[in-house]
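Nothing in this text is a laboratory measurement; each read-out follows from the coordinates by a stated rule. Model, not experiment: these values are computed from the prediction. Glycine also receives a Cβ, built like all others from the backbone with ideal geometry; neighbour counts cover every protein chain displayed.
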Amino acid sequence: MSALVPPAGDGGVTAPVAGQTPGLLRRSLATGRTRAGLAITMLVVAVAVVGPFVAPGGETAIVGPPNASEVPGLLFGTDVTGRDVWTRFLHGGISVLWLSALCTLVGVGAGLLIALLAGYSRTWVDEVLMRTTDVFLAFPAIVLALLFLAIFQPSAWTVILTVALGHAPRVARVMRSAVLDVAGRDYVRSAESMGLRRWSIRLGDLLPNVTGPLMVECGLRLTYSIGLVAGLGFLGLSGLAIDQADWGLMINEGRTAFTVQPWPVLLPVTAIGLLTVGTNLIADGIARAAAGTDREVGE
Amino acid sequence: MSVVDPTAPLSDHPRRMNAGGLQVRGLRVETRAGVAVVDDVDLDVPAGTVLGLVGESGSGKTTVGTALLGGTRRGLRIAGGSVLLEGIDLTTLSEVELRGWRGSRVSYVPQDPTTALDPAMRVGKQVREVLDCHDYGSGPDARAQRVTEAFGEVGLPTDGEFARRYPHQLSGGQQQRVCIAIAFATWPALVVLDEPTTGLDVTTQSLVLDTVRKLTQQHGCAALYISHDLAVVSTISDEVAVLYAGSVVERAPTEQLVHRPRHPYTSRLVAAVPDLAGRRALTGIPGGAPSPGARPPGCRFEPRCTLAVDECARGLPPLVPVADDHLARCIRSADVSPAEVRDRDPEVGRAADPLLRVEGLSARYGKVSVLHGLSLDVPRGTCVALLGESGSGKTTLARTIAGLHRDAEGTLSLAGERLPFGSHERTRQTRAAIAYVFQNPYSSLNPRRTVGDSVGRPLRVLRGVRGAELDRRVGEMLDRVYLSSHYAQRYPDQLSGGERQRVAVARALISEPTLLVCDEITSALDVSVQANLVGLIEEFRHELDLTLLFVTHDIALVRNVAQQVAVLQAGAIVENAPTERLFTDPQHAYTRELLETTPNLVS
């Protein structure tokens, strides 16, 4: 028999020689959608990160009359208390950024944990976890956040935890179905037949195979986080010092004088808008790459 | 209006050249980049006959089938050639004209009736729909009449009650017959059947095949029957065309093709098909078919061919007549010998002590009972086949033995020692002693792990082997399944189906089990690859003194691999006998039915 079996195995002609198919991130980067999203996001992130270092003055310094749109030497005039709008804008992005990033991380992390636990338990644990998340899903994220911020003293951590609490059940729902799908594959059964512990199967077999939807969730939740964090900032609930620059807060402060001095509102609104669109484009690009929507058919 | 009216008298068609049957000449379908998927395809199907189109996965058989309906998959286009039906070239018709043809003059029977039928529409309505759509007959009464007739033609009840059912209320065989009724309802000139029985059990399959053959003759239409299964094709076709890597390599009347193949590929294909009649060793074909874009400039089978000479690599040979009605694309067709069939040693199961003993086993999924108190002995060192159709409970039994299904009662014992049901309750030794190879190699390997990682995992987990010793043994094991050790660095998506299944076998055997449970391990593979894998398993059984439980639905394959057969029907073993006796003297009515209805190549 052995003489009939090829030394190189069958399909030697068809098997590709190069490395594994390019990863999801690289594949999604091949599309214009993701690249545009990345460019927009990088631009806003650059402004927020580099801004405080290149800002012409102090973020709390009063440099002119309030709500003046044309002050010599100032690019965008002054805000409601006479501070430089451009300086405030350059300083005000970083808080939105790191708050949303942490909200996303904590929220998606918690959701993923619930999903791995529920999606691969096949017992009452699944029921209990998922019904509990259903209860949370009944409330809009902003209402939940307001409720918790009304109970607890607003601080950066309470903002992160409340926004993350809004994300977790939504992430859990999506990721659980991804986990359920993978849990039905034969390689999971194969691991079970070796008697591996459930958590080592969760981490070794399930998690690496749900990274596609996980990345999509990260992008999507980041977009929502930015909106929510900016919104809480607008309401003065982002837990920052009262005179600290923050894009959300700037919109709130500037809205009353919008007709005479639009810049304190326009600048942060544009930045938040661009950031949201940018992250959403990236998330969408990853999702499309994961689903193979743009893939060429027929080789 | 230049629209061809399909219901107009035949002589009124504007582009008619000659009448009757289908002629395909030089058909070429390519990708947008200009890479040919199929090329130089010539086919002739006279009215009232069936042409079987046989090919392994990736040969382009479905592409040819859809091209005959004037369509292609997304990303492909018909780039050349002609498809003449009743003298009209379908490739020159506009999309609007084609729409008038499809379903009325040309129709299609898909592989999977469950997705082809609308689940929310009564089946009678679905037959009626195609008639309404093409303004069949003189009026509503004639169409209603035709719906009833169409059901009768495919052997379904003609009373109104049946026509009012929904697809989910029908069996798989009935659903496929509804699809066939739809295809034949408008008296088409050509019917393309794309693997219509692949999802069906053999007993249902033979009913469907009979129906198709009868209807083709009655209607005097041309039929193209596409399949990967040479045995099925040979029972229904008048003529067979063999497709390899996008071109027809041989075309001949069925009998002649099977008994006197003139192309080396056909000859090897025949040798790879498991056969009911003979105890013969299956012979696989080394290598794999080249994919579009990677095809050699010469004869496409040349790299795998044992008869190849230098000249074979110099250009694609033409399809030339080698005998009456017999065409082959091979410059050495005169040297092709009929499939070399070696008899397999008749081996009787040794009356050894049972390694595995199953007693009074019942298994459930929730409230649904799947196995009903069955008992089975698997003697040490033999291969016992577990034969059953879908839903018979064979996979549940296999999984329960492997510790993957816990909702069970009864006794399992391995070498006299009682086995708990779940793998977590078993000892490390027992988990290593029973290995399992899954049906689908595309889902049994973790796509995020390298081959080496997957193969070495049981050794790491069950035997605690690590480091250089682990790498060495993984390399050795890969060599033993005829994949070289450099496959260890690859990922599953870089492997063909046959290679993946070898990796799965390597993973199962690396922990040196005594019992190997194979669950339909060849059903996702082409026959030429199946033969290689079966040979490999057989080799291991001898060398490692392995005991095998071989789960399959394919009774022909059973004769080629097993010493003892347990026939499973609806969760109970209805017959358990040594292989030879089962085939020569079947006792149970169900076994006899299986033997009678399974298509046979050599009959």
Which whole-angstrom value gives the distance between the alpha carbon centres of region A:93-161 and region B:532-603? 56 Å
Most to least packed among B:362-374, B:496-508, B:123-135 [average Cβ atoms within 10 Å]: B:496-508, B:123-135, B:362-374
List every residue whose amide H lies under 5 Å from the amide H of B:Val154, counting only residues 5 or more places away in sequence or on a different chain, with H placed 1.01 Å from N in the peptide plane. none
Taking the convex hull of the alpha-carbon atoms of chain A and averaging its shadow over every direction gives an area in square nanometres of 21.9 nm²
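Using the 2.2 N^0.38 Å rule of thumb for compact globular proteins, work out how region B:264-344 stacks up: its C-alpha Rg over that value, please.
Working: Rg = 14.1 Å, N = 81, 2.2 N^0.38 = 11.7 Å.
My calculation over the Cα atoms of region B:264-344 gives 1.20.
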With Cα coordinates, the longest principal axis of chain B makes an angle with the long axis of helix B:527-544, in degrees rounded to 10, of 10 degrees
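At 24 angstrom or more along the helix axis (alpha-carbon based) and mean Kyte-Doolittle of 0.5 or higher, what helices does chain A contain? Whole DSSP H runs only.
Details: long enough: A:32-54 (32 Å, 1.57); A:85-119 (49 Å, 1.65); A:156-183 (37 Å, 1.02); A:211-234 (34 Å, 1.07); A:263-291 (41 Å, 1.28).
Answer set is A:32-54, A:85-119, A:156-183, A:211-234, A:263-291.
Rounded to the nearest 500, what is the 222 nm mean residue ellipticity of the protein assembly as shown from helices alone, with -39500 (n - 2.57) per DSSP H run of 4+ residues and division by all residues?
Values: 31 runs with 384 residues, N = 902.
Computed mean residue ellipticity for the protein assembly as shown: -13500 deg cm²/dmol.
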May I ask you to evaluate 6.51 cos²θ - 1.76 cosθ + 1.60, the Karplus curve with θ = phi - 60°, for each residue of region B:256-262 and list the ³J(HN,Hα) values in order in whole Hz, giving x for glycine and proline? 5, 5, 6, 8, 9, x, 10
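Per-residue Cβ counts within 10 Å, from other chains only, averaged over B:281-288: what number is that?
Details: counts 2, 2, 2, 5, 3, 9, 8, 9.
What the average comes to for B:281-288 is 5.
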Using unit Cβ charges (K, R positive; D, E negative) and no other charged atoms, how large, in debye to the nearest 20, is the dipole of region B:264-344 about its Cα centre? 320 debye
Translational D in µm²/s for the protein assembly as shown (Stokes-Einstein at 20 °C, 1.002 mPa s, Kirkwood Rh from C-alpha pairs): 67 µm²/s
Once the convex hull of the alpha carbons of region A:198-285 is built, what does its volume come to per residue, in cubic angstrom? 107 Å³
In region A:66-155, which trypsin sites (Lys or Arg not before Pro) are in a loop and have at most 16 other Cβ atoms within 10 Å, using DSSP for the loop call? A:Arg122
Work the Kirkwood hydrodynamic radius out for chain B: mean of 1/r over every pair of different alpha-carbon atoms, inverted, in Å. 26.1 Å
